[in-house]
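The structure appears right after this line, and notes come after that.
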(Lines give C-alpha, C1' and ligand atoms only; values in the text may rest on other atoms or scores of the structure.)
Protein backbone atom coordinates (compact mmCIF):
# COMPACT_ATOMS: atom_id res chain seq x y z
CA UNK A 1 0.00 0.00 0.00
CA UNK A 2 1.38 3.40 -0.92
CA UNK A 3 2.15 5.96 1.72
CA UNK A 4 -0.41 8.38 0.23
CA UNK A 5 -3.06 5.64 0.49
CA UNK A 6 -2.11 4.99 4.15
CA UNK A 7 -2.36 8.72 4.91
CA UNK A 8 -5.76 8.92 3.23
CA UNK A 9 -6.98 5.93 5.28
CA UNK A 10 -5.58 7.45 8.48
CA UNK A 11 -7.32 10.75 7.74
CA UNK A 12 -10.58 8.91 7.06
CA UNK A 13 -10.28 7.03 10.39
CA UNK A 14 -9.37 10.24 12.20
CA UNK A 15 -12.51 11.95 10.86
CA UNK A 16 -14.55 8.93 11.99
CA UNK A 17 -13.03 9.20 15.48
CA UNK A 18 -13.72 12.94 15.61
CA UNK A 19 -17.36 12.35 14.63
CA UNK A 20 -17.70 9.67 17.34
CA UNK A 21 -16.27 12.01 19.98
CA UNK A 22 -18.80 14.74 19.16
CA UNK A 23 -21.64 12.78 20.71
CA UNK A 24 -20.89 12.38 24.39
CA UNK A 25 -18.01 12.30 26.79
CA UNK A 26 -15.84 9.32 25.89
CA UNK A 27 -12.81 7.66 27.40
CA UNK A 28 -9.73 6.70 25.43
CA UNK A 29 -10.75 3.06 25.98
CA UNK A 30 -14.15 3.71 24.41
CA UNK A 31 -12.56 5.36 21.39
CA UNK A 32 -10.10 2.48 21.06
CA UNK A 33 -12.96 -0.07 21.22
CA UNK A 34 -15.00 1.92 18.69
CA UNK A 35 -12.15 2.08 16.20
CA UNK A 36 -11.27 -1.57 16.73
CA UNK A 37 -14.91 -2.53 16.10
CA UNK A 38 -14.55 -0.73 12.76
CA UNK A 39 -11.57 -2.97 11.96
CA UNK A 40 -9.00 -0.20 12.27
CA UNK A 41 -5.58 -1.76 12.81
CA UNK A 42 -3.69 -1.08 16.04
CA UNK A 43 -0.94 0.61 14.04
CA UNK A 44 -3.50 3.23 13.04
CA UNK A 45 -5.46 3.37 16.34
CA UNK A 46 -2.53 4.52 18.46
CA UNK A 47 -1.71 7.60 16.32
CA UNK A 48 -5.41 8.50 16.12
CA UNK A 49 -5.71 8.34 19.92
CA UNK A 50 -2.61 10.54 20.23
CA UNK A 51 -3.94 13.04 17.69
CA UNK A 52 -7.31 13.23 19.47
CA UNK A 53 -5.58 13.74 22.82
CA UNK A 54 -3.32 16.46 21.41
CA UNK A 55 -6.36 18.22 19.93
CA UNK A 56 -8.09 18.07 23.33
CA UNK A 57 -10.86 15.82 22.01
CA UNK A 58 -10.14 13.07 24.51
CA UNK A 59 -8.98 13.49 28.09
CA UNK A 60 -9.81 10.77 30.59
CA UNK A 61 -9.33 13.02 33.62
CA UNK A 62 -11.62 15.75 32.32
CA UNK A 63 -14.11 13.24 30.90
CA UNK A 64 -14.38 11.28 34.14
CA UNK A 65 -14.90 14.52 36.06
CA UNK A 66 -17.67 15.67 33.68
CA UNK A 67 -19.51 12.35 33.83
CA UNK A 68 -19.15 12.11 37.63
CA UNK A 69 -20.46 15.65 38.15
CA UNK A 70 -23.39 15.09 35.79
CA UNK A 71 -24.41 11.87 37.53
CA UNK A 72 -23.88 13.43 40.96
CA UNK A 73 -26.07 16.38 39.99
CA UNK A 74 -28.75 13.91 38.88
CA UNK A 75 -28.69 12.29 42.31
CA UNK A 76 -26.54 9.18 41.90
CA UNK A 77 -24.50 7.57 44.67
CA UNK A 78 -20.72 7.37 44.49
CA UNK A 79 -20.85 3.58 44.03
CA UNK A 80 -23.09 3.89 40.97
CA UNK A 81 -20.96 6.68 39.53
CA UNK A 82 -17.78 4.64 40.03
CA UNK A 83 -19.39 1.66 38.28
CA UNK A 84 -20.46 3.83 35.34
CA UNK A 85 -16.99 5.33 34.98
CA UNK A 86 -15.40 1.88 35.11
CA UNK A 87 -17.87 0.59 32.50
CA UNK A 88 -16.90 3.48 30.24
CA UNK A 89 -13.24 2.56 30.52
CA UNK A 90 -11.87 5.53 32.43
CA UNK A 91 -8.60 4.88 34.27
CA UNK A 92 -8.65 4.31 38.03
CA UNK A 93 -6.68 7.47 38.83
CA UNK A 94 -9.04 9.56 36.68
CA UNK A 95 -12.02 8.01 38.47
CA UNK A 96 -10.53 8.64 41.91
CA UNK A 97 -9.80 12.28 41.05
CA UNK A 98 -13.30 12.80 39.67
CA UNK A 99 -15.01 11.22 42.67
CA UNK A 100 -12.90 13.15 45.15
CA UNK A 101 -13.81 16.43 43.44
CA UNK A 102 -17.48 15.47 43.31
CA UNK A 103 -17.60 14.39 46.97
CA UNK A 104 -16.10 17.71 47.99
CA UNK A 105 -19.27 19.31 46.64
CA UNK A 106 -21.85 16.95 48.20
CA UNK A 107 -22.02 13.66 50.08
CA UNK A 108 -24.10 10.63 49.16
CA UNK A 109 -26.55 11.58 51.88
CA UNK A 110 -26.95 15.10 50.49
CA UNK A 111 -27.58 13.72 47.00
CA UNK A 112 -30.09 11.18 48.37
CA UNK A 113 -31.93 13.93 50.27
CA UNK A 114 -32.18 15.89 47.02
CA UNK A 115 -33.82 12.90 45.34
CA UNK A 116 -36.31 12.56 48.22
CA UNK A 117 -37.12 16.27 47.98
CA UNK A 118 -37.72 15.93 44.22
CA UNK A 119 -40.21 13.10 44.78
CA UNK A 120 -41.88 15.05 47.61
CA UNK A 121 -42.47 17.97 45.24
CA UNK A 122 -44.57 15.65 43.06
CA UNK A 123 -46.43 13.72 45.73
CA UNK A 124 -47.16 13.70 49.41
CA UNK A 125 -45.17 11.55 51.82
CA UNK A 126 -48.48 10.24 53.10
CA UNK A 127 -49.38 8.54 49.80
CA UNK A 128 -48.81 4.78 49.70
CA UNK A 129 -46.78 5.03 46.52
CA UNK A 130 -44.32 7.56 47.95
CA UNK A 131 -42.33 5.07 49.99
CA UNK A 132 -42.04 2.67 47.04
CA UNK A 133 -41.19 5.42 44.57
CA UNK A 134 -38.45 6.89 46.75
CA UNK A 135 -36.98 3.53 47.74
CA UNK A 136 -36.81 2.25 44.17
CA UNK A 137 -35.40 5.50 42.80
CA UNK A 138 -32.67 5.62 45.46
CA UNK A 139 -31.84 1.94 45.00
CA UNK A 140 -31.55 2.33 41.21
CA UNK A 141 -29.14 5.18 41.80
CA UNK A 142 -26.90 3.05 43.97
CA UNK A 143 -27.61 4.31 47.46
CA UNK A 144 -26.98 2.15 50.51
CA UNK A 145 -30.11 0.34 51.83
CA UNK A 146 -29.51 1.65 55.37
CA UNK A 147 -29.42 5.24 54.11
CA UNK A 148 -32.60 4.64 52.10
CA UNK A 149 -34.38 3.22 55.13
CA UNK A 150 -33.28 6.11 57.36
CA UNK A 151 -34.41 8.74 54.86
CA UNK A 152 -37.77 7.03 54.41
CA UNK A 153 -38.29 6.94 58.19
CA UNK A 154 -37.50 10.64 58.37
CA UNK A 155 -39.77 11.51 55.45
CA UNK A 156 -42.82 9.41 56.18
CA UNK A 157 -42.32 7.58 59.46
CA UNK A 158 -41.65 3.90 59.97
CA UNK A 159 -43.23 1.44 57.51
CA UNK A 160 -45.31 -0.03 60.36
CA UNK A 161 -46.98 3.29 61.28
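The values are calculated or read from the model by the stated rules, or taken from the named source; none is laboratory data. Treat the numbers as computed from the prediction; the structure is a model and nothing was measured. For neighbour counting, all protein chains shown are included, and Cβ atoms are generated from backbone atoms with ideal geometry for every residue, glycine included.
Data for the structure
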{"read-out": "Flag for residue 142 being outside the structural domain of residue 71 (by TED's automatic domain parsing) and within 17 Å of the chain's Cα centre (by Cα)", "value": "yes"}
{"read-out": "Of the criteria (1) under 17 Å from the mean Cα position of the chain (by Cα); (2) in the same structural domain as residue 142 (by TED's automatic domain parsing), which one residue 120 fails", "value": "(1)"}
{"read-out": "Breaking point among (1) within 20 Å of residue 25 (Cβ to Cβ); (2) without any contact (Cβ under 8 Å) to a residue 24 or more places away in the chain, for residue 124", "value": "(1)"}
{"read-out": "Selection count, region 104-138, where residues are under 14 Å from residue 74 (Cα atoms) and part of a helix (DSSP H, G or I)", "value": "15"}
{"read-out": "Of residues in region 17-30 being touching a residue at least 12 places away in the same chain (Cβ under 8 Å) and part of a helix (DSSP H, G or I), the one surrounded by the most Cβ atoms within 10 Å (Cβ to Cβ)", "value": "17"}
{"read-out": "Number of the condition not met by residue 27 [criteria: (1) assigned by TED's automatic domain parsing to the domain that holds residue 10; (2) more than 13 Å from the chain's Cα centre (by Cα); (3) at pLDDT 95 or above]", "value": "(2)"}
{"read-out": "Test: residue 103 is over 30 Å from residue 34 (Cα atoms), out of contact with any helix residue (DSSP H, G or I) (no Cβ under 8 Å at 6 or more places or on another chain) and either without any contact (Cβ under 8 Å) to a residue 60 or more places away in the chain or surrounded by 13 or more Cβ atoms within 10 Å (Cβ to Cβ) (or both)", "value": "no"}
{"read-out": "Residues (surrounded by fewer than 17 Cβ atoms within 10 Å (Cβ to Cβ) and at pLDDT 90 or above) located in region 133-145", "value": "136, 139, 140, 144, 145"}
{"read-out": "Subset of region 106-132 (residues that are surrounded by fewer than 14 Cβ atoms within 10 Å (Cβ to Cβ) and in contact with a helix residue (DSSP H, G or I) (Cβ under 6 Å, 6 or more places away or on another chain))", "value": "123"}
{"read-out": "Unmet requirement for residue 40, which otherwise passes all of (1) under 20 Å from the mean Cα position of the chain (by Cα); (2) more than 29 Å from residue 144 (Cβ to Cβ); (3) not in a helix (DSSP H, G or I)", "value": "(1)"}
{"read-out": "When residues of region 55-65 are limited to those that are out of contact with any helix residue (DSSP H, G or I) (no Cβ under 6 Å at 6 or more places or on another chain) and modelled with pLDDT under 95, the one surrounded by the fewest Cβ atoms within 10 Å (Cβ to Cβ)", "value": "56"}
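Yes/no matrix, rows are residues, columns are (1) over 12 Å from the mean Cα position of the chain (by Cα); (2) modelled with pLDDT under 95; (3) assigned to a loop (DSSP other than H, G, I, E, B); (4) in the same structural domain as residue 140 (by TED's automatic domain parsing):
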position: 11; (1), (2), (3), (4): yes, yes, no, no
position: 15; (1), (2), (3), (4): yes, yes, no, no
position: 32; (1), (2), (3), (4): yes, no, no, no
position: 44; (1), (2), (3), (4): yes, yes, no, no
position: 47; (1), (2), (3), (4): yes, yes, no, no
position: 81; (1), (2), (3), (4): no, no, no, no
position: 86; (1), (2), (3), (4): no, no, no, no
position: 97; (1), (2), (3), (4): yes, no, no, no
